[in-house]
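Read the figures in this text as sums done on the coordinates, not as results from a lab. As the structure is a prediction and not an experimental result, all values here were calculated from the model. Every residue, glycine as well, gets a Cβ built from its backbone with ideal geometry; the counts of neighbours run over all protein chains shown.
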Amino acid sequence: MTCDHLHVLPLSLFILIPVTFMITYTISVQWDHVVPGFLYISETGTLSPESCIFAQCLNIAALLLGCCVYIRHRQVEQWQIERGHELVDRRIIIVTVWCGILACFGLDILANFQEARVVAAHMIGAITCFTAGTMYFSLQTYFSYKMAPAVNGMSIVYVRAILSTLTLVLTVTTIIPGYVSMSEFRGDDYKKWLPTDGGWGWHVASAVSEWILAIVYCAFLLTFVPEFRLINFAAPVVTLVYLDKNHEPETLEKSDVVAQEV
């Protein structure tokens, strides 16, 4: 049995992640948990009931993303064996897949450790997801350049180069202004950040960068759809080791079968 609909995975992520953020944003505003306007994505999933939806959907997203990382790794690995053994060092392939794994792990951490509950764990998860994800996309752009035109066209290389550059810039403009804004914040509730609370300009810059960064991430994942259409995965071979090794299955001799039929 083979699986030839793998393009559904990145396509699902492209749909699931934005829809999740829109739902949690709407609920958090309706329940007066946040002030409508410029706020971090994590702030839309801090309190119940939106935090439950936020965590559950991002857990699914982390699982789907892990599947995409694995499939892409196997694709690059197979290409390297067949055609690119002199073009790409295997150590770079290993580093890339570990960056993808760390990005998935970071996404899972920030989803389950809400910012208002365990801020340190949430921030570690967010920084891990952003930095590892940026490195992963940059290395995938490098692979795309090396794999053209056998696996992808040069147009994909240009698109991924632009998107990976944007992820690098937006990661910096999310983390640094965010740190500065928190140091200047003088209000009572950062989920309802007002211009009079201090650090407002830095906060807006960081929050807008984070939302754009999430969109760019989804757009980069969408570029894998054409390549995943060209991958066929065969079902794994299963070998069982039985505990009762001395047991031999009962067999019927041909004469016994004939006698029974008579």
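Helix-only mean residue ellipticity at 222 nm, the chain, DSSP H runs n ≥ 4 weighted -39,500 (n - 2.57), per residue, nearest 500. What is it? Let's see the in-between values first.
Details: 8 runs with 174 residues, N = 262.
The helix-only estimate for the chain comes to -23000 deg cm²/dmol at 222 nm.
What do you get for Rg/Rh of region 128-189 when both radii come from the Cα atoms and Rh is the Kirkwood radius? Write down the numbers at each step before the final one.
Numbers: Rg = 16.6 Å, Rh = 13.4 Å.
Computed over Cα atoms, the ratio is 1.24.
Over all alpha-carbon pairs of region 101-251, lay out the pair-distance distribution in 5 Å bins, whole %, shortest bin first.
Values per bin, smallest distances first: 2, 8, 13, 15, 14, 11, 9, 7, 6, 5, 4, 3, 2, 1, 1, 1, 0, 0.
Extent of region 115-162 along each principal axis, from alpha carbon coordinates, in Å, largest to smallest?
Its Cα atoms span 48, 14, 12 Å along the three principal axes.
Can you give the percent of C-alpha pairs in region 1-73 whose distance is more than 19 Å? Intermediate values should be presented prior to the final figure.
Numbers: 1123 of 2628 pairs.
More than 19 Å apart: 43 percent of the Cα pairs in region 1-73.
Cβ neighbours within 10 Å, averaged per peptide: list 129-140, 27-38 in order, most packed at the top. Each step should come with its number before you reach the end.
Details: 129-140: 22.3, 27-38: 15.7.
Going from most to least packed, we get 129-140, 27-38.
In Å, what Kirkwood hydrodynamic radius results for the chain from the alpha-carbon pair distances?
Numbers: mean 1/r = 0.0477 Å⁻¹.
Evaluated on the chain, it is 21.0 Å.
Longest span of the chain, sites excluded, free of GluC sites (Glu not before Pro) in DSSP loop with at most 14 other C-beta atoms within 10 Å? Intermediate results must be reported in sequence, preceding the final value.
Working: sites that count: Glu86, Glu250, Glu253.
Looking at the chain, 87-249 is the longest stretch - no exposed GluC sites (Glu not before Pro) with at most 14 other Cβ atoms within 10 Å.
Over the Cα atoms of region 52-163, compute the convex hull volume and normalise it per residue, giving Å³.
That works out to 92 Å³ per residue.
Counting other C-beta atoms within 10 Å, and keeping those with at most 15, which DSSP coil trypsin sites (Lys or Arg not before Pro) do you find in region 146-228?
Values: sites: Lys146, Arg160, Arg186, Lys191, Lys192; in loops: Arg186.
When the trypsin sites (Lys or Arg not before Pro) of region 146-228 are filtered for loop state and at most 15 Cβ neighbours within 10 Å, Arg186 remain.
Show me the helices of the chain, taken as full DSSP H stretches, that run 24 Å or more along their long axis by Cα and average -0.5 or above in Kyte-Doolittle hydropathy.
Details: long enough: 8-30 (32 Å, 1.81); 50-82 (47 Å, 0.49); 90-112 (34 Å, 1.53); 119-147 (41 Å, 0.73); 154-184 (45 Å, 1.31); 200-222 (33 Å, 1.43).
Membrane-span-like by this rule: 8-30, 50-82, 90-112, 119-147, 154-184, 200-222.
Normalise the Debye intensity by I(0) for region 1-42, one equal point scatterer per Cα, no solvent, then take log10 at q = 0.17, 0.32 Å⁻¹ and round to two decimals.
For region 1-42 at q = 0.17, 0.32 Å⁻¹, log10 I(q)/I(0) is -0.57, -1.07.
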